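Presented below is the structure to which this report refers.
Each reported figure results from applying straightforward, stated rules to the coordinates on display, with no laboratory input. Since the model is a prediction, treat every value here as computed from it, not as a measurement. Note that we place each Cβ from the backbone using ideal geometry, even for glycine, and neighbour counts take in every protein chain shown.
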Amino acid sequence: MHPCLSCGACCAMFRVAFHWMESDDSTPGGVPTVLTEKLDAHRLVMNGTYSEPVRCTALDADIGHYSRCTIHPNRPSVCRQVDASWEYGTPSPQCDKARLAHGLPVLTPADWPPPKPAVDARPKTAE
Ligand code: SF4
Ligand code: SF4
């Protein structure tokens, strides 16, 4: 299972701010405006991420056990930019900070399965 699906720590750690143009008021299929509040003249924030304790309103999680973003296809660009540590071969400071703050160990390369060998899917032909 992907480690994020049993985590959710970063969605309960950081302010999630983004340009208002990303909202579905402006961009079809964008971030649901109803789940946001105005931060300043140019930015919105996800509800729940600009107050203590931080927890995004779109998060469906028991942190450390189960986690889903309920607007995953429409989540803000900043959410897409947070990689899980070692998913792409390097540590992620935001991931590590969030996991440690929630009492979870940081991810290591061992948390990711090795890539499967390529399978030759070409149809067999008679010799
Ligand atoms: S803190 Fe890391 S492992 Fe947890 S949900 Fe965020 S990116 Fe995934
Ligand atoms: S929008 Fe989704 S990915 Fe972004 S902080 Fe909220 S729950 Fe997490």
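General remarks:
- Note: relative contact order over the chain, using C-alpha pairs below 8 Å and six or more positions apart, is 26 percent.
- Rg and Dmax over the alpha-carbon atoms of region 14-107 stand at 13.9, 39 Å.
- Under Karplus coefficients 6.51, -1.76 and 1.60, residue-wise ³J(HN,Hα) of region 19-34 in Hz, glycine/proline x: 5, 4, 5, 7, 7, 6, 5, 10, 10, x, x, x, 5, x, 4, 5
- Simple Cβ-charge dipole of region 3-105, Lys/Arg +1 and Asp/Glu -1, about Cα centre, in debye nearest 20: 120
- Look at where the Cα atoms of region 5-26 and of region 79-95 average out, and the two centres are 15 Å apart.
- Ellipticity estimate at 222 nm from DSSP helix runs (n ≥ 4, -39,500 (n - 2.57)) divided over the chain, nearest 500: -2500 deg cm²/dmol
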